């Protein structure tokens, strides 16, 4: 998996100097800032970062201010992967030609994008970067909706969610399609490391991020980022909602190594019914009407089937 990189001991996080500043315009309760802070603080290496258009970008770089204490670029909605891998390719070329002023300083390259920029608009750019084998990490901040541009459905939006482009009402129960399985898609690229994380399980998240930084080649991280605005829950409940998400197995935590070896990294002691997860979010409140009850049953069966599949994959060690 890898040449050794400089990483931080978990105990050092409490005293680490933040490279992602707290002064930003993200919504109170937004999980983005929790995730991004831990990604940036997980390594002592220099960082070169790109960000797609989205909540993270518009709320952390309001000219003339910035929240980023690292080399950072905003490119288009769709191509943060292209921007940062272009920088990675330039770094390798300069290193090969002996033209780096400080060759002992080894930067890490990271791209951030929301689910709209990752699952949909930017997917072909991410796919291309992984096929080319660039040494970088792509982090999807997965809040399951185009939260920055009006709450439209994305390829990550789960069935039954009410969005501005798939509103629940008298003739519809909301989003009709199931969420795209980006973990399986990126693992199918043969990526050396793919992982799913959640901000409430921060130790699990940081260990996976550090594994990613210690991996040579393209790394994909899918990070659940509960959205108080579009999921419709109180801003103080972000971690509580995240707890229910992982404990209900709606958002299982696992990793895939070299496209085949699957490891489940968190097993809830007490698995919570999916209806409890749906019930704490306003975007699903209509599913509790009698005519939509079948959707909650469908949700539970699908989550159960996926969990059984992950356990079979793990035990098979294929």
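Here, each number is a calculation from the coordinates, and none is a lab measurement. Everything numeric here is computed off the predicted structure, so don't read it as measured data. Counting neighbours? That spans all protein chains shown, and the Cβs are built from the backbone with ideal geometry, glycine included.
See the values below:
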| quantity | calculated |
| --- | --- |
| Sorted by Cβ density within 10 Å, fewest first, the residues 243, 46, 142 | 46, 243, 142 |
| Whole-Å distance, taken between Cα centres, linking segment 211-230 and segment 70-125 | 15 |
| Estimated distance in nm for a label pair at residue 104 and residue 289, the labels positioned 7 Å out from Cα along Cα-to-Cβ | 6.7 |
| For the chain, built as a Gaussian network whose Cα springs stay under 10 Å, the top-fluctuating residue of 298, 152, 261 | 298 |
| Fully extended contour minus Cα-Cα distance, from residue 176 to residue 312, at 0.36 nm per residue | 46.1 nm |
| Pairwise FRET efficiency - residue 229 versus residue 45, Cβ, R0 = 30 Å, nearest 0.05 | 0.35 |
| Per-pair calculated FRET efficiency, R0 = 41 Å: residue 58 and residue 298 via Cβ, rounded to 0.05 | 0.70 |
| Size of segment 140-263 as Cα extents on the principal axes (Å, biggest first) | 50, 31, 26 |
| For segment 10-316: relative contact order, % (alpha-carbon pairs under 8 angstrom, 6 or more apart) | 16 |
| Packing-based order for 185-195, 115-125, 64-74, 271-281, using average beta carbon neighbours within 10 Å, highest first | 115-125, 185-195, 271-281, 64-74 |
| Relative counts (whole %) of C-alpha pair distances in the chain, using bins that are 10 Å wide | 6, 27, 36, 23, 7, 2, 0 |
| Listed residues 38, 131, 230, most fluctuating in the chain (Gaussian network, C-alpha, under 10 Å) | 131 |
| Within a Gaussian network of the chain (alpha carbon springs, distance under 10 Å), most fluctuating of 34, 49, 256 | 34 |
| Ascending count of other beta-carbon atoms within 10 Å, so fewest first, for 78, 175, 297 | 297, 78, 175 |
| DSSP bridge pairs, the chain: antiparallel proportion in percent, nearest 5 | 30 |
